[in-house]
Amino acid sequence: MDAKTSENESSMIVLSQNPHRVRDEREKILEVAIGREVRVFRRQKGITVADLSKLTGLSIGMLSKIENGNTSPSLTTLQTLSNVLSVPLTSFFRRFEETRDAVHTKSGEGVEMERDGTRAGHQYNLLGHIGSNASGVIVEPYLITLTEKSDIFPTFQHEGIEMLYMLEGQVDYRHGNKIYTLEPGDTLFFDADAPHGPEVLKKLPARYLSIISYSQA
């Protein structure tokens, strides 16, 4: 292996999740949902399967089957687990009962919003919104349009992470002490707590997607 190959491999980013993974059909059934919750609550208590076995009187093999969704525990077993883990019995079913929302916004139907840049002639169209959800993350996708009536406004600051994707036009965009020239197809991904915003409007009209994510807490 030559030095260049080694350098390239060492610079590769290893993702913790596989974005192309397809969930097995078994994950949709009740046993797997219960098993997941049992594992989560056990880990929150900081105990091992062996510890839980001693506390409940259930065998390690049975607990492993429950956590892996390979068996359907009786109500008596679930009651024992809920007492030892100090959680309501219904907590084991919460993930099975949760709904997963989706928002479909047709072209041109994004809701126009007022944000800090509105007074500078920046048009914001919210493309969708899902409130409190199981992920613990709020995501706000906007379509931002800048025209000849728009002024520069490079001093936005807010919590979370933001990603811009340039669709049309050309803008010099500031993030902290750096300036990035954004053209169609370009992406800028950054910590939104630093001062940021368009500093020079080079080619108008300009349109870009702004996707902001932050913790629900």
Item checked: Principal axis dimensions, the stretch 124-217 - Cα atoms, whole angstrom, descending -> 41, 27, 23
Item checked: Spin-label model distance (nm) - Ser213 vs Ala194, 7 Å beyond Cα toward Cβ -> 1.9
Item checked: Among 31-43, 71-83, 140-152, the order from most to least packed when residues are scored by Cβ within 10 Å on average -> 31-43, 140-152, 71-83
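Dipole size in debye (nearest 20) for the stretch 150-217 around its Cα centre, Lys and Arg Cβ +1, Asp and Glu Cβ -1?
Dipole magnitude for the stretch 150-217 comes out near 160 debye.
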Item checked: Violating pairs (Cα-Cα greater than 24 angstrom) within the set Lys106/Lys178; Lys106/Lys202; Lys178/Lys202; Lys45/Lys65 -> Lys106/Lys178; Lys106/Lys202
Notebook entry, point to check: Based on the Cα gyration tensor of the stretch 47-98, what are the three equivalent ellipsoid semi-axes, each the root of five times an eigenvalue, rounded to whole Å and given largest first?
Noted result: 18, 13, 10
Next item on the list: For Thr155 paired with Arg43, estimate the spin-label separation in nm (one decimal), with each label point 7 Å from Cα along the Cα-to-Cβ line.
Entry: 4.4
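Quick note: the coordinates plus some simple rules give every number you see, no bench work behind them. Owing to the predicted nature of the structure, the values given are computational and were not obtained by experimental measurement. Note that each Cβ is placed from the backbone with ideal geometry, even for glycine, and that neighbours are counted across all protein chains shown.
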